1. Could you tell me the accessible area of ILE101 in Å² (1.4 Å probe, neighbours in place), rounded to the nearest ten?
2. Identify, among LEU68, THR85, ILE58, the residue whose Cα sits farthest towards the positive end of the charge dipole of segment 47-100, taking +1 on the Cβ of Lys and Arg and -1 on the Cβ of Asp and Glu, with the dipole about the Cα centre.
3. Heavy atoms only, 1.4 Å probe, whole protein assembly: order MET70, MET63 by accessible area, highest first.
4. For the full complex of protein chains and a 1.4 angstrom probe, list THR76, THR113 by accessible area with the highest value first.
5. Spelling out what I want: for every residue of segment 98-108, take phi, set θ = phi - 60°, compute 6.51 cos²θ - 1.76 cosθ + 1.60 (Karplus), and round to whole Hz; glycine and proline get x.
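The values are calculated or read from the model by the stated rules, or taken from the named source; none is laboratory data. Predicted model only: the values in this text are computed from it and were never measured. Here the Cβ positions follow ideal geometry from the backbone for every residue, glycine too, while neighbour counts run over all protein chains shown. All accessible areas refer to the heavy atoms of the entire protein, side chains included, with ligands and DNA or RNA removed. Shrake-Rupley method; radii C 1.70, N 1.55, O 1.52, S 1.80 Å.
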Amino acid sequence: MCFAVSASMAQTHTSSDAAMTPADNSKVNSAEVNSTVKQTTADGRKNSSSDVALTQQICKSVMPDKHLSMSAHNATIVAVHGAVTLNGVVRGDHEKHVIEIKAQAIAGNNNVTNGPTIAPNT
């Protein structure tokens, strides 16, 4: 996951950003933890040096994008044997697509499974 948010980056989000959607995505997290396909969750990866490097490269691509919400910055990025799975909750189709494009640019078009869900409008 991309939780390496610097203090300056966290300050770029407005209070309305947090007010738009509840921060609690426990249901999604619970579903991932109870998943039978552990390779697509963070606790299922083997942490080979090449997979860690791949995950870090994608995170470094996503994190500086100030047009993405905090939810998108916190998307789960899991690399297993070079195959990348994206999970989490994002604010819309645009954010889902942006993260996918960034991951594909690094891992390759056929190596990315884009699974984030869109947060409901509240």
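1. Surface open to solvent at ILE101 totals about 80 Å².
2. LEU68
3. The most accessible residue leads, giving MET70, MET63.
4. Most to least solvent-accessible, the answer reads THR113, THR76.
5. Ordered by residue, 3J(HN,Hα) equals 4, 5, 4, 4, 5, 5, 5, 5, 9, 8, x Hz.
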